Structures are given as structure tokens and as C-alpha cells.
Amino acid sequence: MKQTSKATSSTSIRKSAPAKKTTSQKTAAAKKAASTSATNEKGASLLEKFFVDSLKDIYYAEKKLTTAIPKMEEAATTEELKEAFNDHLHQTQKHVKRLEKVFGLIGKKAEGKKCEAIEGIVKEAESIIEETKEGSMTRDAALIIAAQKVEHYEIATYGGLVQLALTMDLDQVADILDTTLMEEEDTDHHLTEIAEAHINMDAEHEGANYSWSTEEDDEDDEEEDDSEESEDE
Ligand SMILES: [Fe+2]
Ligand SMILES: [Fe+2]
């Protein structure tokens, strides 16, 4: 079974081919906007306000990650995972810049708003580093899961923001956010690949036998070891 599921296709502009609006839809939307009373006291629509708040949330999260990822890179056991973290750190720095461009395009100041979710996910990654043995493959297997929790949070956020941007006719903003969404999805898939290729299997052989293994399992393991040794001879 796959370690992670694919991001929901309904959140991606590439897969669901959303639907940039037709002229008649835009006219209807404009009429509706003119007649609706769904504006806050300052005049911004409720959806716009939510969209800007969400941008501030993910802006805070991306900046937090530029300091969290290096710690995960340093703690990782394998060169492969260190490299994956390092590559994604560089992408994350670009994600921050892209968000600043988005704020500029909608005439808002780039500012973050504390994101409790990312605080929690990063805290969990820090606990994993404290609780796993330095230099072990088990640490890498656990760090991959921690990193994928980050990616899935980002995928959910960017997927939703791309669709909201399209709804509000912010096509250029949607394109920029979608570029980041694709990088988050690629990172998630890459992490799955390296976990399944060998890291999880290598972690399996660390430490004692499983607490649920029976004497029969242990005997089978010994027989397997013996036959592997005789094959080597
Ligand atoms: Fe990101
Ligand atoms: Fe990411």
C-alpha cells in the first residue's frame, strides 16, 4: 500500500482544469457583487478577507519552515534525506518570495499571522528528533512522516487558495500559487519514494525483534539468515 495518498485532485488547477470563468459568468458575478450586501465594514468582501487571512497564515508557515527544515536536515541520517530536505529548503525560500509577489499583486502588505497548525507540526518534528536515536534509519523513517505532514498541510492550503483565486478572477495569482502547489506535491511524492525504496526496510532491522513476534518467527528469521550466509559463500 502506498504510504501517502495523492493530493485531492479537486484542489489542483492542473487536474480539475478549473474553470476560468466565461464572460457571461463574469457579468453575472459582477451584477451579484454589486447587489450583494456580503461586505464587511471596510468594504472588502468576506471571501477576500478570508483569502488574505489564509495568505498571511501560509506566509507565516513558509517562513517558519525556512528555520525548521535545516534542523531536520542536520538531524537526518542518510545523505539522501539530507539532500531532499536541502532541495526543499531552497524551494521553500522561493515559496516565501512568491507569496510576497502575490501580496503585491493584490495591493496588500506581506505579513504573517501566527499559524498554530504549523507550530504544532514543527513541534512534533522536534520531538521526533529528541526521541529517536541519532544515526538510525528509524529516525529517517520518522522524519519523512513528519515532513509529509508539513507537505500535506501546505498542499491543502495552496490547493484551496488556487481555487479561491480563480473564483475571484485573480488568474495570475492562481498561477503563482499553483507553481508552489506542484512543488509541494512533488516533494511529498519524492519523500514517499525514498521511504519505500529502502529507508523503511532498513529501519526494520534496527534494535530487537518486534514485541509481537513469536518464537516461530524468530526461528524463521534465523533460518533465513543461515541460508543467506550459505548463498554468500
Ligand atoms: Fe512551501
Ligand atoms: Fe513544502
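Read-outs: derived from the displayed coordinates by stated rules, not from any lab. These figures come from a predicted structure and were not determined experimentally. Neighbour counts are summed over all protein chains in view; Cβ atoms, including those assigned to glycine, are modelled from backbone coordinates with ideal geometry.
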Residue set D171, D140; condition away from ligand 1 (no atom under 16 Å from the Cβ), in contact (Cβ under 8 Å) with a residue 40 or more places away in the chain and either surrounded by fewer than 17 Cβ atoms within 10 Å (Cβ to Cβ) or closer than 16 Å to Y59 by Cβ (or both); output residue D171
Among the helices (runs of 4 or more DSSP H) lying completely within the stretch 122-221, list those that include at least 2 residues that are under 22 Å from Q91 (Cα atoms).
137-167, 171-194
Only one of E100, E154, E111, E134 is within 16 Å of ligand 1 (Cβ to nearest atom) and surrounded by fewer than 16 Cβ atoms within 10 Å (Cβ to Cβ); which?
E100
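Per-residue answers, yes or no, for (1) within 18 Å of S54 (Cβ to Cβ); (2) within 13 Å of ligand 2 (Cβ to nearest atom); (3) of a type outside the set (D, E):
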{"position": "K113", "(1), (2), (3)": "yes, no, yes"}
{"position": "A117", "(1), (2), (3)": "yes, no, yes"}
{"position": "A141", "(1), (2), (3)": "no, no, yes"}
{"position": "L166", "(1), (2), (3)": "yes, no, yes"}
{"position": "T180", "(1), (2), (3)": "yes, yes, yes"}
{"position": "E183", "(1), (2), (3)": "no, yes, no"}
{"position": "T187", "(1), (2), (3)": "no, yes, yes"}
Test A208 against the criterion of being under 30 Å from E79 (Cα atoms) and surrounded by fewer than 15 Cβ atoms within 10 Å (Cβ to Cβ), and give yes or no.
yes
Can you name every residue in the stretch 180-210 that is out of contact with any helix residue (DSSP H, G or I) (no Cβ under 9 Å at 6 or more places or on another chain) and either within 11 Å of ligand 1 (Cβ to nearest atom) or farther than 22 Å from G160 by Cβ (or both)?
E193, E196, A208
Of the residues that make up the stretch 122-130, is at least one within 14 Å of the chain's Cα centre (by Cα), free of Cβ contacts under 8 Å to residues at least 40 places away in the same chain and closer than 30 Å to I176 by Cβ?
no
Could you tell me how many of the residues in the stretch 41-67 are within 16 Å of ligand 1 (Cβ to nearest atom) and surrounded by fewer than 21 Cβ atoms within 10 Å (Cβ to Cβ)?
8
Any chance F85 is among the aromatic types (F, W, Y) and away from ligand 2 (no atom under 16 Å from the Cβ)
no
Looking only at the stretch 138-183, which residues are charged (D, E, K, R) and within 16 Å of V122 (Cα to Cα)?
R139, D140, K149, E151, E154
Has the stretch 119-126 got at least one residue that is more than 24 Å from T192 (Cα to Cα), surrounded by fewer than 19 Cβ atoms within 10 Å (Cβ to Cβ) and of a type outside the set (S, T, Y)?
no
